[in-house]
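Novice: The structure is given below, and queries will be raised subsequently.
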Amino acid sequence: MKVLVIGSGAREHALVRALTLDPTVAAVIAAPGNPGTDALALNEPVDATDPAAVVDLARRHEVDLVVVGPEAPLVAGVADALRGAGIRCFGPGAQAARLEGSKAYAKEVMAAAEVPTAMAHVCTDEAQLAEALDAFGAPFVVKDDGLAAGKGVVVTEDREVAMAHGLACLAKGGDARVVIEEFLDGPEASLFCICDGTTVVPLDLAQDFKRIFDGDEGPNTGGMGAYSPLAWAPQGLVDDVVARVAQPVVDEMARRGTPFVGVLYVGLALTSRGPRVIEFNVRFGDPETQSVLARLESPLAVLLAAAADGRLEDHDPLRWSAQSAVTVVVAAEGYPASPVTGVAIDGLEELAADDLAEHVHVLHAGTAHDDEGALVSSGGRVLSVVALGDDLAQARDRAYEAVAEVGLEGGHHRTDIALRAARGEIRA
């Protein structure tokens, strides 16, 4: 099988890595890819949000499967164009991708499917925004209705901050909307559900860390780290979420004539009233994917092709490593507000050659080669360092030992990824 992966981040590097380990895969193309994928696959330039350009690339390479990584190409209709051209694709069409492209639409679908979620108000002007904030009270949860690269949500005790974020969302113009939700208590978890329009196959649970600083302080980011599995999660949680959330949503999308084929990412809060959906995404999450795929032992291409073909019902049960995986994101100076780019990155070759390499791998995200061919930073989240261990404590130790070997002037990372879980301090 020849597979084309669309995207350029650490999530796509993780997908490429997992696909190259699949014995059914003969070749992988990454478009546009990054310096990390270039070492494993063929990188090809492409405008990932241009459906015609992606179709042309897939045809030129005669690929057997296209896997769309980021949300923007899905919302832009890349999957529709591929399927329309007769090319097998893993990823939802534009209408189904509205589950992430519009939080208001996602709430509408959840209501129709009777999915447990937070109460919410959709606001279109300042007066409605003020009224909704006062109705729910602090902590305030303010969400941009559209795509915002993981940075569209503000959770704050400060009404002025909440109001300012809401107004900034509305100021985008057009049909801009902002969603105000009740605050959900309890630990959070992420569940990726592979869907073929009818059947749902869940992956293993993960937990990510959205805020920039230790102790969940500071502004939201695209994600500063993750780990899997969740030993503290209640027995039967995955089956419960599939039965009460993922399957009803897949059934509802089919009823609407917009079948969901791809990853339904269910972001959960395990509240005192039971699991509640925080949000849906329509693709693999970053950085949870880095930890989850590090533990998946079943062939990834076989799974994704079965979903694209509507054959998940016949797929063998998934196999998982008993080990734990911890991912730590190394970010650029100034991230998330104004990341400094063009900074030299070193230590990766040395890391790949030492004893840690057996248990650790580094995935590229915001990296590039400068005019002299040196590896430099090119974005906010620069690298994902992924480590496996017999338990979370060992995986954490290995991840942070590897992070210490990475050279990035001004770079920073959280030091508490998976710490409370390793200490047994999380209770659902």
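Novice: Out of the residues in region 417-427 that are touching a residue at least 40 places away in the same chain (Cβ under 8 Å) and surrounded by 15 or more Cβ atoms within 10 Å (Cβ to Cβ), which is farthest from residue 399 (Cα to Cα)? Write out each step before concluding.
Specialist: Of all residues in region 417-427, those touching a residue at least 40 places away in the same chain (Cβ under 8 Å) come to 417-418, 421, 424, 426-427.
If we keep only those that are surrounded by 15 or more Cβ atoms within 10 Å (Cβ to Cβ) too, we end up with 417-418, 421, 426.
Values: 417: 10, 418: 11, 421: 15, 426: 21 Å.
Within region 417-427, the match that is farthest from residue 399 (Cα to Cα) is 426.
Novice: Also: For region 270-309, which residues satisfy the criterion of being at pLDDT below 95 and farther than 24 Å from residue 196 by Cβ?
Specialist: 271, 272, 273, 274, 276, 278
Novice: Same structure, new question: In this structure, does residue 235 turn out to be in a loop (DSSP other than H, G, I, E, B) and surrounded by fewer than 20 Cβ atoms within 10 Å (Cβ to Cβ)?
Specialist: On the way: in a loop (DSSP other than H, G, I, E, B): yes; surrounded by fewer than 20 Cβ atoms within 10 Å (Cβ to Cβ): yes.
For residue 235, the condition - in a loop (DSSP other than H, G, I, E, B) and surrounded by fewer than 20 Cβ atoms within 10 Å (Cβ to Cβ) - is met.
Novice: Return the residue satisfying two criteria in turn: it lies in region 315-335 and is within 18 Å of the chain's Cα centre (by Cα) and more than 24 Å from residue 409 (Cβ to Cβ), and of such residues it is surrounded by the most Cβ atoms within 10 Å (Cβ to Cβ).
Specialist: 326
Novice: Filter region 24-50 for residues that are hydroxyl-bearing (Ser, Thr, Tyr) and under 22 Å from the mean Cα position of the chain (by Cα); which is nearest to residue 300 (Cα to Cα)?
Specialist: Quick first cut of region 24-50, residues hydroxyl-bearing (Ser, Thr, Tyr) only: 24, 37, 49.
Those still in the list that are under 22 Å from the mean Cα position of the chain (by Cα) too: 37, 49.
On the way: 37: 17, 49: 24 Å.
Ranking the qualifying residues of region 24-50, first place goes to 37.
Novice: Then there is this: Yes or no: residue 406 farther than 30 Å from residue 269 by Cα, crowded, with 20+ Cβ neighbours inside 10 Å and β-branched (Val, Ile, Thr)? Before you say what the answer is, go through the steps one by one.
Specialist: Details: farther than 30 Å from residue 269 by Cα: yes; crowded, with 20+ Cβ neighbours inside 10 Å: yes; β-branched (Val, Ile, Thr): yes.
The answer is yes for residue 406.
Novice: Where residues in region 51-74 are under 24 Å from residue 193 (Cα atoms) and surrounded by fewer than 20 Cβ atoms within 10 Å (Cβ to Cβ), which of them is farthest from the chain's Cα centre (by Cα)? So that I can check it myself, show each step before the final result.
Specialist: Within region 51-74, the first condition is being under 24 Å from residue 193 (Cα atoms), and the residues that meet it are 64-74.
Still in the running and surrounded by fewer than 20 Cβ atoms within 10 Å (Cβ to Cβ): 64, 72.
Numbers: 64: 24, 72: 13 Å.
Of everything passing the filter in region 51-74, 64 is farthest from the chain's Cα centre (by Cα).
Novice: If you scan region 154-172, which residues turn out to be more than 11 Å from residue 144 (Cβ to Cβ), among the charged types (D, E, K, R) and either in a loop (DSSP other than H, G, I, E, B) or touching a strand residue (DSSP E or B) at 6+ places or on another chain (Cβ under 8 Å) (or both)?
Specialist: Listed by number, the residues that qualify are 157, 158, 159.
Novice: Here is a follow-up. Could you check region 40-94 for helices (runs of 4 or more DSSP H) lying wholly inside it with 3 or more residues that are free of Cβ contacts under 8 Å to residues at least 60 places away in the same chain?
Specialist: On the way: elements: 51-61, 71-75, 78-84.
Filter on region 40-94 gives 51-61, 78-84.
Novice: Are any residues in region 56-72 in contact with a Ser or Thr (Cβ under 9 Å, 6 or more places away or on another chain) and among the acidic types (Asp, Glu), and if so, which ones? Show your work before the answer.
Specialist: In the first step, residues of region 56-72 are kept if they are in contact with a Ser or Thr (Cβ under 9 Å, 6 or more places away or on another chain); the result is 69-70, 72.
Correct list: empty.
Novice: Tell me which residues, restricted to region 19-39, are farther than 22 Å from residue 374 by Cβ and not in a strand (DSSP E or B). Even if it seems obvious, please write down each step before you answer.
Specialist: Filtering region 19-39 for residues farther than 22 Å from residue 374 by Cβ gives 19-29, 31.
Selection gives 19, 20, 21, 22, 23, 24, 25, 26.
Novice: Among the residues in region 286-293, are any surrounded by 19 or more Cβ atoms within 10 Å (Cβ to Cβ) and either part of a strand (DSSP E or B) or in contact with a Gly (Cβ under 7 Å, 6 or more places away or on another chain) (or both)? Let's see the steps before the verdict.
Specialist: The initial filter retains those residues of region 286-293 that are surrounded by 19 or more Cβ atoms within 10 Å (Cβ to Cβ), namely 286-293.
Checking which are either part of a strand (DSSP E or B) or in contact with a Gly (Cβ under 7 Å, 6 or more places away or on another chain) (or both) leaves us with 286-287.
Checking region 286-293: at least one residue is surrounded by 19 or more Cβ atoms within 10 Å (Cβ to Cβ) and either part of a strand (DSSP E or B) or in contact with a Gly (Cβ under 7 Å, 6 or more places away or on another chain) (or both).
Novice: Among what's in region 186-230 and is of a type in the set (S, T, N, Q) and assigned to a strand (DSSP E or B), pick the residue that is farthest from residue 165 (Cα to Cα). Lay out the reasoning, then the answer.
Specialist: Residues of region 186-230 of a type in the set (S, T, N, Q): 190, 198-199, 207, 220-221, 228.
Restricting the remaining residues to those that are assigned to a strand (DSSP E or B) gives 190, 207, 220, 228.
Values: 190: 25, 207: 26, 220: 12, 228: 32 Å.
Checking each candidate, the answer is 228.
Novice: Let me ask you something else. Restricting the search to region 345-382, which residues are closer than 18 Å to residue 38 by Cβ and either among the hydroxyl-bearing types (Ser, Thr, Tyr) or touching an Asp or Glu at 6+ places or on another chain (Cβ under 7 Å) (or both)?
Specialist: Passing the criteria: 351, 367, 376, 377, 378.
Novice: Regarding region 244-253, can at least one residue be identified that is assigned to a loop (DSSP other than H, G, I, E, B), small (Gly, Ala, Ser) and under 14 Å from residue 191 (Cβ atoms)?
Specialist: Step one: list which residues in region 244-253 are assigned to a loop (DSSP other than H, G, I, E, B), which gives none.
No: region 244-253 contains no residue that is assigned to a loop (DSSP other than H, G, I, E, B), small (Gly, Ala, Ser) and under 14 Å from residue 191 (Cβ atoms).
Novice: Within region 371-428, restricting attention to residues that are β-branched (Val, Ile, Thr) and in a strand (DSSP E or B), which residue is farthest from residue 225 (Cα to Cα)? If you could, list the steps in order and put the result at the bottom.
Specialist: If we filter region 371-428 for residues that are β-branched (Val, Ile, Thr), which is where we start, we get 376, 382, 385-386, 403, 406, 415, 417, 426.
With the extra rule that they be in a strand (DSSP E or B), the set shrinks to 376, 382, 385-386.
On the way: 376: 21, 382: 12, 385: 9, 386: 9 Å.
Once the filter is applied, the top-ranked residue is 376.
Novice: From the residues in region 103-125 that are surrounded by fewer than 21 Cβ atoms within 10 Å (Cβ to Cβ) and of a type outside the set (A, V, I, L, M, F, W, C), which one is farthest from residue 70 (Cα to Cα)?
Specialist: Filtering region 103-125 for residues that are surrounded by fewer than 21 Cβ atoms within 10 Å (Cβ to Cβ) and of a type outside the set (A, V, I, L, M, F, W, C), the one farthest from residue 70 (Cα to Cα) comes out as 125.
The values are calculated or read from the model by the stated rules, or taken from the named source; none is laboratory data. Just so it is clear, the model here is predicted, and its values are computed rather than measured. Backbone-built Cβ (ideal geometry, glycine too); neighbour counts: all protein chains shown.
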